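Visitor: Attaching a single structure in structure tokens format; questions to follow.
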Amino acid sequence: MSPVPATAPAHVRPPAPAARSGPVALDVIIPVFNEEEVLELLLERLGQELGPDKLSAHGVSRVRLLFVDDGSTDATARLLAQRIEAGLDARLIRLSRNFGHQSAVCAGLDHVESELAVVMDADLQDPPELLLPMVERWRQGADVVFARRRRRKGNPVKRMGYWAFYRLVAFLSEIQLPLDTGDFGLLDRRVVQALRSLPENLRFPRGLRAWVGFRQEALEYDRPERPLGRPKYTFTKLYQLATDGIAAMSTRPLQVAQVGSFFFGLLTIAFLAMLVWGYFAAPGEIPRPFLLTYALIATGFCVQSFCLYILGAYVGRTYLEVKGRPPYVVMEIVVPKERQP
Ligand code: UDP
Ligand code: MG
């Protein structure tokens, strides 16, 4: 008889994640696009939340800001370069034009050097006071700590749109996407490496973050309003984000399109048969099912058009992906003097 194992097999009871001790460094990725109004306030709040005392209490040896300027046309890049020149412990990656927030996040991830990385917005809607609690969660074993919005303030139409978007993407996605979470979150180095190693060029970082797996935990918060400046996500950009998110995470819309077209095709054939039958059964009269058939063909036409739209969304993205262009182009990297070659 084989001896009874002292502990349950690994697949029954996974080992508890090891608490992580020791000093860690943190890179804070901040995509910025025309954020000159809010920059000073952002740096001030970061300075308050990440002061030396607080950092040492949480075992954080160093915090470096990693700004990604997404082709700003205002003074954002100049102001940041001046602050770095004046001694701010930060790097500035300047993209050659506006590639969009998602590409800017990817550029940031590609330039992470520390053990930990946080992605956050510049407009203080991602509160800096969550950074150290995120590090604590990482210490307790989480590899990804994403912030989940309990409540969101601001434009009600946009709020509704986001609400619907997250639910639609989660419903359509083949992997489990956490609801009401943006890119704001902390990533362990292994997660950053996994994200970097993905081959696709059209990227939806918050979806890929869920896809790579590891140990993921949510940190709940109330999302405040932007204190200064205007939102840089226009409705066109939000639409792009929504369709990119759905197309990047799922092929289910294609299946829905296939099933939908098939179903309507069958119905149309059935009613057309009734039309022919009516024509011969009662010659001279307008066949009864005529209107119904007409209505069905018209509806079927709408469904077909919608299916073509879905198909087009995927074909277009496949075309862009096949071309293999990078998601962004770096124009310049500004680093503090002591790091200059
Ligand atoms: N952003 C960017 N490129 C863009 C649009 C936005 O880098 O094309 C940045 C912006 O500067 C901010 C973050 O992405 O740091 C979120 O943008 P915004 O606050 O406008 O989005 P919202 O909070 O309205 O969704
Ligand atoms: Mg914002």
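Every number here is computed from the coordinates shown, using simple stated rules; none is lab data. Nothing here was measured: the structure is a model prediction, and the numbers come from that model. With ideal geometry, Cβ positions are generated from the backbone for all residues, glycine too; neighbour counts draw on all protein chains shown.
Visitor: May I ask you to derive the FRET efficiency for Thr251 and Trp163 from their Cβ-Cβ distance with R0 = 30 Å, giving the value to the nearest 0.05?
Guide: 0.80
Visitor: Another question about this same structure. Applying the Karplus parametrisation 6.51 cos²θ - 1.76 cosθ + 1.60 with θ = phi - 60° to the phi angles of the range 45-60, what ³J(HN,Hα) value in whole Hz is obtained for each residue in order, glycine and proline being reported as x?
Guide: Values per residue, Gly and Pro as x: 5, 5, x, 5, 6, 10, x, x, 5, 5, 5, 5, 5, 9, x, 9 Hz.
Visitor: If you don't mind, another one. If one computes the Cα centroid of the range 301-341 and of the range 54-123, what distance in Å separates the two points?
Guide: 21
Visitor: OK, next. For the range 188-200, in order, what is each residue's ³J(HN,Hα) by Karplus, 6.51 cos²θ - 1.76 cosθ + 1.60 with θ = phi - 60°, in whole Hz (x at glycine and Pro)?
Guide: Each residue's phi maps through the Karplus curve to give 6, 4, 4, 5, 4, 5, 4, 5, 5, 7, 5, x, 6 Hz.
Visitor: Moving on. When a/c is below 1.5 the answer is rounded, else prolate if a/b is larger than b/c, else oblate, so apply that to the range 132-207 with a ≥ b ≥ c taken from the square roots of the Cα gyration tensor eigenvalues.
Guide: oblate
Visitor: What's the local net charge at Phe99, with K and R +1, D and E -1, over the other residues with C-beta under 14 Å away?
Guide: Net charge around Phe99: +2.
Visitor: Once you keep just the Cα pairs under 8 angstrom separated by 6 or more residues, what percentage relative contact order results for the chain?
Guide: The normalised contact order for the chain reaches 22 percent.
Visitor: So how much slack lies between Lys323 and Phe235, counting 0.36 nm per residue of separation and subtracting their Cα-Cα distance, in nm?
Guide: Stretched out fully, the Lys323 to Phe235 stretch lengthens by 29.0 nm.
Visitor: Under a 5 Å amide H to amide H cut-off, with H placed in plane at 1.01 Å, what residues pair with Ser61 once short-range neighbours are removed?
Guide: Val24, Ala25
Visitor: Along the positive direction of the dipole of the chain (beta-carbon charges: Lys, Arg +1; Asp, Glu -1; about the Cα centre), which of Gly22, Trp163, Pro336 reaches farthest?
Guide: Going by the Cα projections, it comes out as Trp163.
Visitor: May I ask you to evaluate 6.51 cos²θ - 1.76 cosθ + 1.60, the Karplus curve with θ = phi - 60°, for each residue of the range 142-150 and list the ³J(HN,Hα) values in order in whole Hz, giving x for glycine and proline?
Guide: Residue by residue, the range 142-150 yields 6, 9, 10, 10, 9, 8, 10, 7, 6 Hz.
Visitor: Going by a ≥ b ≥ c, the root eigenvalues of the Cα gyration tensor, does the chain fall in the rounded group (a/c under 1.5), the prolate group (a/b larger than b/c) or the oblate group?
Guide: Cα axes put the chain in the prolate bin.
Visitor: Could the peptides 64-72, 155-163, 317-325 be put in order, highest first, of the mean number of other beta-carbon atoms found within 10 Å of their residues?
Guide: Highest to lowest by the protection proxy: 64-72, 155-163, 317-325.
Visitor: What is the set of long-range amide H partners of Val68 at a cut-off below 5 Å, with H atoms built 1.01 Å from backbone N?
Guide: Here Ile30, Val32, Ile93 satisfy the definition.
Visitor: Counting only DSSP beta bridges with both residues in the chain, what percent are antiparallel, rounded to the nearest 5?
Guide: 30
Visitor: What does the charge count around Glu37 come to, taking other residues whose C-beta lies under 12 Å from its C-beta (Lys +1, Arg +1, Asp -1, Glu -1)?
Guide: So the surrounding residues net to -2.
Visitor: Right, next: Using helices alone, what [θ] at 222 nm do you get for the chain, with -39,500 (n - 2.57) per DSSP H run of 4 or more residues, divided over all residues and rounded to the nearest 500?
Guide: So the calculated ellipticity at 222 nm is -15500 deg cm²/dmol.
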